[in-house]
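This is the structure I want to talk about, given as structure tokens.
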Number of protein chains: 4
Amino acid sequence: MSNTIGRLYRVTSFGESHGRCVGVVVDGCPAGHRLNLEHVQAELDRRRPGQSGVSTPRREDDRVEVLSGVFNGVTTGAPICMLIWNRDIDSTRYEEHRWTPRPGHADYTAEKRYGGHQDYRGGGRFSGRITAGYVMAGALAKQVLATTGIEVLGYTSQIGSTVAPDMSLDQVRENTEGNPVRCPDPETAREMERDILKARDEGDSVGGAVRCVVLNVPPGVGQPVFDTLEGDLAKALFGVPAVKAVEFGAGTALASMRGSESNDPYMVVGGRVETASNNMGGVLGGVSTGAPIELTVTFKPTPSVSKPQKTVDLKTLKETTIAIEGRHDPCIVPRAVPVVESVVATVILDHMMQRGYVGQVHGE
Amino acid sequence: MSNTIGRLYRVTSFGESHGRCVGVVVDGCPAGHRLNLEHVQAELDRRRPGQSGVSTPRREDDRVEVLSGVFNGVTTGAPICMLIWNRDIDSTRYEEHRWTPRPGHADYTAEKRYGGHQDYRGGGRFSGRITAGYVMAGALAKQVLATTGIEVLGYTSQIGSTVAPDMSLDQVRENTEGNPVRCPDPETAREMERDILKARDEGDSVGGAVRCVVLNVPPGVGQPVFDTLEGDLAKALFGVPAVKAVEFGAGTALASMRGSESNDPYMVVGGRVETASNNMGGVLGGVSTGAPIELTVTFKPTPSVSKPQKTVDLKTLKETTIAIEGRHDPCIVPRAVPVVESVVATVILDHMMQRGYVGQVHGE
Amino acid sequence: MSNTIGRLYRVTSFGESHGRCVGVVVDGCPAGHRLNLEHVQAELDRRRPGQSGVSTPRREDDRVEVLSGVFNGVTTGAPICMLIWNRDIDSTRYEEHRWTPRPGHADYTAEKRYGGHQDYRGGGRFSGRITAGYVMAGALAKQVLATTGIEVLGYTSQIGSTVAPDMSLDQVRENTEGNPVRCPDPETAREMERDILKARDEGDSVGGAVRCVVLNVPPGVGQPVFDTLEGDLAKALFGVPAVKAVEFGAGTALASMRGSESNDPYMVVGGRVETASNNMGGVLGGVSTGAPIELTVTFKPTPSVSKPQKTVDLKTLKETTIAIEGRHDPCIVPRAVPVVESVVATVILDHMMQRGYVGQVHGE
Amino acid sequence: MSNTIGRLYRVTSFGESHGRCVGVVVDGCPAGHRLNLEHVQAELDRRRPGQSGVSTPRREDDRVEVLSGVFNGVTTGAPICMLIWNRDIDSTRYEEHRWTPRPGHADYTAEKRYGGHQDYRGGGRFSGRITAGYVMAGALAKQVLATTGIEVLGYTSQIGSTVAPDMSLDQVRENTEGNPVRCPDPETAREMERDILKARDEGDSVGGAVRCVVLNVPPGVGQPVFDTLEGDLAKALFGVPAVKAVEFGAGTALASMRGSESNDPYMVVGGRVETASNNMGGVLGGVSTGAPIELTVTFKPTPSVSKPQKTVDLKTLKETTIAIEGRHDPCIVPRAVPVVESVVATVILDHMMQRGYVGQVHGE
């Protein structure tokens, strides 16, 4: 706890990696939205394990089931429970590591937080698998946002020390799904793939970053001073396992800039106020400027590596080593792209509803 | 709206830069805490304008007044309203810029968010001055945390391209307040000060970063999956004007690391489990590890610069230029140090209460 | 929306009368509680339709399934999803009444609230069947409360104009489940049963009231001024379909009392402060006194009656009549007893956690 | 704690009976509303002590001050802090009763809740005086609601055993303020006044009830299943000291009715769907029907009576007696009328905003 987020579009997450299922309850989705279930499934498929050599060999079909809130294919305004069942569960390895917390994982903190009662199999509640719930809620949010013209685009912007160059939105739209690392620049993508496979072959893992852009959010969305767009996006994104930094616009680079350089000048384009640059990432004072909302999310390297690592036996309080042999992604970033998009879409929809741009009944 | 944050230690902010006052209502502070009002005042003084050449010449004595919730010098459990009155208000310049939004400021987004009804004088509700309220709430939080041994230490870690070296906690404790930029390394501090004054003399401003360390948070604090320590800290920190990035531990540098390198190994020190490094910033799975919680907050350069900038006249929709002559900090970072500490203390106390380490009545 | 209630013990309800299932997600249940699933089932059985002649003939086995949050029979601290599947669904009659709202039902308000997209079959989201979710959450709450000695006892105190006499707690404990109307006084119970069957035979229905007593709540529980015990209990109870009034202690009778008569005098019993009477229902200033918390909930008559009633065809806006033939309880009150208990237990546990009497980990 | 209520129109209360002030922060009021401060003052004057022989002789001018959120007489969208200062404070009597809790008051529960640290002077945070804050927030809510045609009308419907007859809305509008007990029926009013003065002369007090009607709420407002209109109204109303029961429509009388009698038939009036009766109080399924929302609030007798009462000395745990000589209302009900209206208006506005009928910017 707490597993609910949002004020008007509220998402409650449940389920564990090796439990019966992973699911979500979405409360506050506008009534009257025709649910595109194939789209939800397609988004889940983007996140699904076993897509390529850069991800875990765990095999799950991850078929979405809708348990409530939809009638005749249309949302009713009632809470929407969606879930996927867990099938390919192999928990054997976890008993063996029960008392030796894996470095970089939440094993130790879960032990302390839940007094040893946590479901430790496969990371339990701390597994990346729970983000399947975020994706279901986010796919629905994307569908509703699309009716207002809002588009959410994510892509892999960094793997290890390989950083993607600047790219056009068209490149992002067309190329992101064309390679296993989800980097829209094909050459960079190949390099990133090499980096990941090299880490994997060395029994190691590698980190990276996801860039996300939200187009067509009108100016004036956000609820300062505490429910800022940035704050709510960041809070939700830190709910994604392995996220360690969230930046908006030029992000950390702003520390070394001058004001005359970082301030985005205003201009008039086609009778509308726009900014000539977007160092602020489309947010000023916690409120949207009308420019694309741009953010970067840093993912730490997958903590599960087969190289031996130092840890402690919690029962004997003796130091020992651990080598993790399970099925793991050598790099989580490519599969995290739809997750970041989903979380971002969820928060943006909530704020669009708070600001009155999306009502409680479709078309009202 | 929304101007309330926190679940059990709840802070509601009110007031504007050029209104009558800036204040805060703290709800949920444990009853029975002997309020050290001198400490609150000392914290406000750290944030106060006019401290040195690196900050704005606006003169305010910023004396804290307690309107409720304290009886015989002790908190009662009732909401604590604290405020400072605004005195040195010079709003003349703001009328002149009413329709030409300052680049990098929230003028334009406020106009869109509040339909032109916002108090635009001195940035109104979007002014850095409202953080005085955060400091009052945070000073109180620090006092309560101190009774559990928790200490919150902030310092300036970067100004422009000048980055502070690694420093010991003793250095931080002893040196941070010894120079106007609040960097504990004296040599770096001098360089930072030069950078700021150079920017000021050039009619410009400069950005930077604050590093914050929280000591002695026990392991097991945090409420995953959405009310993570990182998420709640980040959300609150993005409520501070000019913050554009929040990182934990090694932060963005984790993107280019290998798992074998970034994972913090466990070891046993004096019969207790500790980590040999702290790349995770004391948080795993959104829950404290027991290691110091470490975070870095990036501040963009102060948007107010006297150099001419391009903007738009919102009434005529014609492009124009603006040069901002008011009283402004050429760099907000040194004064932001107590603000970051305050926000962090506020969130940590809320989580300590959620986890039951701090009760609703002192000593209960 | 909104289908979540509670601050630390949070319950999210989902499902519809004629959808796939009715369920609940419980977030914040202390980790380490050994779940007594038979007890949950037993509570569901008390609420289940088809128990006797005084309730609807709809047949559901209502077997609880746990989808998450429990591992090796023990709560993990993760959200607990529980549900029952709907089986005996007969929606034929509902199409026929699609455009003629049943008086006293939520058909018309649902139409207005959800723009015609609501699941109208069997009352959909407004059906009493959704309270099965409340019962699952409440059964769990009762189990946790029992570890602190708290007991929640409900019974039918009124059916039509038949009012139960004052009874001892022992009578309530022993006799409530001994008759189909759940009134602990056998003679009154027989009279109540006659009243219900008479109404049924006349194609009509009848209202009533449930009295609920909570024993052993320590003094000092409650969060004034807005999260009072009374306020939170009332809010949750009005989430039960057909509830139209909530009273504490002597309730509406207090309007005609004198202060010298209504004030509960303090006395010392066995070294402890107690009250000589309990007109206040165990709550003063929104905070528990240590006396039993006593409340009365009024249920309106079941709106579904086979007698013809006046209504309107929403498509033609012409007046018409409706006679409801479906399977309905002539009196909902006996089946509402476990529902009221569950809702009360849920709120009391939430407040016990807020006050620190129940922690986030069992036994911590 | 917790002293905040509401989701989009959020009210935070602070202050104590004998502290410096009583105040409120309103967060979420639509920007662009021209504040009618005279109206706020007029509402405060209705609640003010010392209006007649039926209320306390405490003398306060209760002049509202606005500290934030209003600029050029118009709301800005920023939080609005309003307060009144306490002046006529006479705390002498309270020291003397420090350890002998007054029966029917919150003295004992406050002691237990706040560990003895509460401000006990004049009831402190539990005093009826804090409702001045509710009235300020409610007056503002009434003003905003008035722009949508919604009207909130309260009156005294019962004092002791004297119950007001049915009255027309015109009677209520014209006569309520015409007598000191605020009962629109002049003859009943005189009888009620006699009842109160008789109780006062006998050193006693008397209870009563306030009836409140809300006109012109459109159908379809309310957020089931937990944020029902009834639930949110009840929760807020139980935040008013001395409230012990809340009923909607026919209320507790529904327990003894038949469904054929209680169901409000639908009919068509002027092309609109209406109900022929209003036993449901304008709410079905937690959602407004379009009929007037009608509710009744029971107030217990003022607990302060000069007759000797039994209590306990908390220090010695010896039984003793107490006679309360201070300045108290022999009946709180007449002064509670504007308080009930205010609380109701606050909740209704919050729900009108949630449903999108009132936006975040006036006229948007």
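List the residues, sorted by chain then number, that are 5 or more residues from C:Leu284 or on another chain and whose placed amide H is less than 5 Å from its amide H.
Under 5 Å from the amide H of C:Leu284 lie the amide H atoms of C:Thr289, each far enough along the sequence or on another chain.
In addition: What ranking, highest mean first, results for peptides B:342-351, A:155-164, C:158-167 when packing means the other Cβ atoms within 10 Å averaged over each residue?
On the way: B:342-351: 28.1, A:155-164: 23.7, C:158-167: 18.7.
Ranking, from highest mean packing down: B:342-351, A:155-164, C:158-167.
Which angle from 0 to 90°, rounded to the nearest 10, does the C-alpha axis of helix D:186-201 make with the longest principal axis of chain D?
20
Taking springs between alpha-carbon atoms closer than 10 angstrom, which of D:Glu202, D:Glu43, D:Glu16 fluctuates most in the Gaussian network model of chain D?
D:Glu202
Same structure again: With a sphere of radius 12 Å drawn around the Cβ of B:Thr148, what net charge do the other residues whose Cβ falls strictly inside it have (Lys, Arg +1; Asp, Glu -1)?
On the way: positive: B:Lys142, B:Arg355; negative: B:Glu151.
Charge balance near B:Thr148 sits at +1.
What residue of chain A has the nearest C-beta to the axis that moves A onto D, and what is that distance in Å, given as a whole number?
A:Gly356, 3
From the C-alpha gyration tensor of region A:207-320, pull out the three semi-axes of the equivalent ellipsoid (sqrt of 5λ each), sorted largest to smallest, in whole Å. Walk me through the numbers on the way to the answer.
On the way: eigenvalues 308, 45, 30 Å².
Rounded to whole Å, the semi-axes are 39, 15, 12.
Sticking with this structure for a sec: For region B:282-364, run through the trypsin sites (Lys or Arg not before Pro) and keep only the ones in DSSP coil with at most 13 other Cβ atoms within 10 Å of their Cβ.
On the way: sites: B:Lys310, B:Lys315, B:Lys318, B:Arg327, B:Arg335, B:Arg355; in loops: B:Lys315, B:Arg327, B:Arg355.
Here the sparse-neighbourhood loop sites are B:Lys315.
Compute the helix-to-body angle for C:333-354: its Cα long axis versus the longest principal axis of chain C, expressed 0 to 90° and rounded to tens.
40
Turning to a different aspect of this structure: What are the extents of the Cα atoms of region A:4-354 along their three principal axes, in Å, largest first?
That gives 69, 51, 38 Å along the principal axes, largest extent first.
Is region A:184-226 rounded, prolate or oblate when judged by the Cα gyration tensor, a ≥ b ≥ c being the square roots of its eigenvalues, rounded requiring a/c under 1.5 and prolate requiring a/b larger than b/c? All intermediate terms of the calculation are to be shown ahead of the outcome.
Details: a/c = 8.28, a/b = 2.35, b/c = 3.52.
Oblate is the answer for region A:184-226, as a/c is 1.5 or above yet b/c matches or exceeds a/b.
Can you list the residues, at least 5 places off or on another chain, whose amide H is less than 5 Å from the amide H of B:Arg34, using H built in the peptide plane?
B:Thr75
Also, quick follow-up: Could you run the Karplus curve 6.51 cos²θ - 1.76 cosθ + 1.60 with θ = phi - 60° over region B:208-219 and give me ³J(HN,Hα) per residue in whole Hz, x for Gly and Pro?
x, 8, 10, 9, 9, 10, 10, 9, 6, 6, x, x
Next up: Which of B:Thr252, B:Thr188, B:Thr302 moves the most in a Gaussian network model of chain B with Cα springs under 10 Å?
The residue that fluctuates most here is B:Thr252.
Using the Karplus curve 6.51 cos²θ - 1.76 cosθ + 1.60 with θ = phi - 60°, what ³J(HN,Hα) values do you get for each residue of region B:38-48, in whole Hz, with x for Gly and Pro?
5, 5, 4, 4, 4, 5, 4, 5, 5, 8, 4
Please state the relative contact order of region C:4-354 as a whole percent: Cα pairs under 8 Å, 6+ residues apart?
Computed over region C:4-354, the figure is 22 percent.
Residues with beta-carbon under 14 Å from that of C:Lys315, excluding C:Lys315: net charge, scoring Lys, Arg +1 and Asp, Glu -1? Provide the component values of the computation, followed by the final result.
Working: positive: C:Arg98, C:Lys318; negative: C:Glu95, C:Glu96, C:Asp107, C:Glu111, C:Asp313, C:Glu319.
Taking every other residue near C:Lys315 into account, the sum is -4.
So for region B:215-364, averaging the separation of alpha carbon pairs under 8 Å that are six or more residues apart and normalising by length, what relative contact order in percent results? Each step should come with its number before you reach the end.
Numbers: 210 pairs, mean separation 42.2, N = 150.
Averaging sequence separation for qualifying contacts and normalising by length gives 28 percent for region B:215-364.
I need the shape label for region C:204-244. Rule: rounded when a/c is under 1.5, else prolate if a/b > b/c, else oblate, with a, b, c from the alpha carbon gyration tensor.
Numbers: a/c = 4.55, a/b = 1.86, b/c = 2.45.
Verdict is oblate for region C:204-244.
Next up: Using amide H atoms built 1.01 Å from N in the peptide plane, name the residues 5+ places from B:Phe71, or on other chains, whose amide H lies under 5 Å from its own.
Excluding prolines and chain starts, which carry no amide H, the hits are B:Thr76.
How far is it, in nm, from the label point at A:Leu197 to the one at B:Val163 when both lie 7 Å from their Cα along the line to the Cβ?
According to this spin-label approximation, the distance is 3.3 nm.
Taking B:Gly203 in one copy and the same position in all the others, each labelled 7 Å out along Cα→Cβ, what are the pairwise distances from the first, in nm, shortest first?
6.3, 8.3, 8.9
Tell me the Kirkwood hydrodynamic radius of the protein assembly as shown in angstroms, computed as one over the mean inverse distance between distinct C-alpha pairs. Present the calculation step by step, with values, prior to reporting the outcome.
Numbers: mean 1/r = 0.0307 Å⁻¹.
Hydrodynamic radius (Kirkwood, Cα only) of the protein assembly as shown equals 32.6 Å.
With a ≥ b ≥ c taken as the square roots of the eigenvalues of the C-alpha gyration tensor of region C:30-78, please select rounded if a/c is under 1.5 and otherwise prolate if a/b is larger than b/c or oblate if it is not?
Details: a/c = 4.22, a/b = 3.02, b/c = 1.40.
Cα axes put region C:30-78 in the prolate bin.
How many partner chain Cβ atoms sit within 10 Å of a residue's Cβ in peptide C:85-97, on average, as a whole number?
Details: counts 1, 0, 0, 0, 0, 0, 0, 0, 0, 0, 0, 0, 0.
The shielding value for this peptide is 0.
Can you give me the C-alpha center-to-center distance between region B:279-345 and region A:93-143, rounded to a whole angstrom?
Result: 34 Å between the Cα centres.
How many nanometers, to one decimal and shortest first, lie between the label point of B:Arg34 and those of its other copies, if labels sit 7 Å from Cα toward Cβ?
Between copies, matching label points for B:Arg34 lie 4.7, 5.4, 7.1 nm apart.
Work out the count of Lys pairs in chain C where the Cα-Cα distance is under 28 Å, with the pair 8 or more places apart or on different chains.
So the count of such lysine pairs works out to 24.
Per DSSP H run of at least 4 residues, take -39500 (n - 2.57); add these up for chain D, divide by its residues and hand me the 222 nm value, nearest 500 deg cm²/dmol. Could the numbers behind the result be given before it?
Values: 9 runs with 98 residues, N = 364.
Helix contribution divided over all residues of chain D: -8000 deg cm²/dmol.
Another question, then. Starting from a label point 7 Å past Cα on the Cβ side, list the distances from D:Thr321 to the same position in the other copies, nm, shortest first.
6.6, 8.5, 8.9
For region D:185-202 and region A:179-206, compute the distance between their C-alpha centroids and round to whole Å.
What the calculation gives is 85 Å, centre to centre.
Let me ask another. Roughly how many debye, to the nearest 20, is the charge dipole of region C:4-354 about its Cα centre, given +1 on each Lys and Arg Cβ, -1 on each Asp and Glu Cβ, and no other charges? Please list the in-between numbers first.
Working: 38 positive and 43 negative charges, 189 e Å.
With Lys and Arg at +1 and Asp and Glu at -1, about 900 debye.
Count the net charge of all other residues whose Cβ sits under 14 Å from the Cβ of B:Leu233, scoring Lys and Arg as +1 and Asp and Glu as -1. Write down the numbers at each step before the final one.
Values: positive: A:Lys235, A:Lys244, B:Arg7, B:Arg211, B:Lys235; negative: A:Glu230, A:Asp232, B:Asp227, B:Glu230, B:Asp232, B:Glu247, B:Glu294, B:Glu341, B:Asp350.
So the environment of B:Leu233 carries a net charge of -4.
Taking only Cα atoms of region C:1-83, what ratio of Rg to Rh do you get with Rh as the Kirkwood inverse-distance radius? Please list the in-between numbers first.
Details: Rg = 14.2 Å, Rh = 14.1 Å.
That ratio is 1.01, to two decimals.
Just so you know, all these numbers are worked out from the coordinates, no wet-lab data involved. Just so it is clear, the model here is predicted, and its values are computed rather than measured. Glycine also receives a Cβ, built like all others from the backbone with ideal geometry; neighbour counts cover every protein chain displayed.
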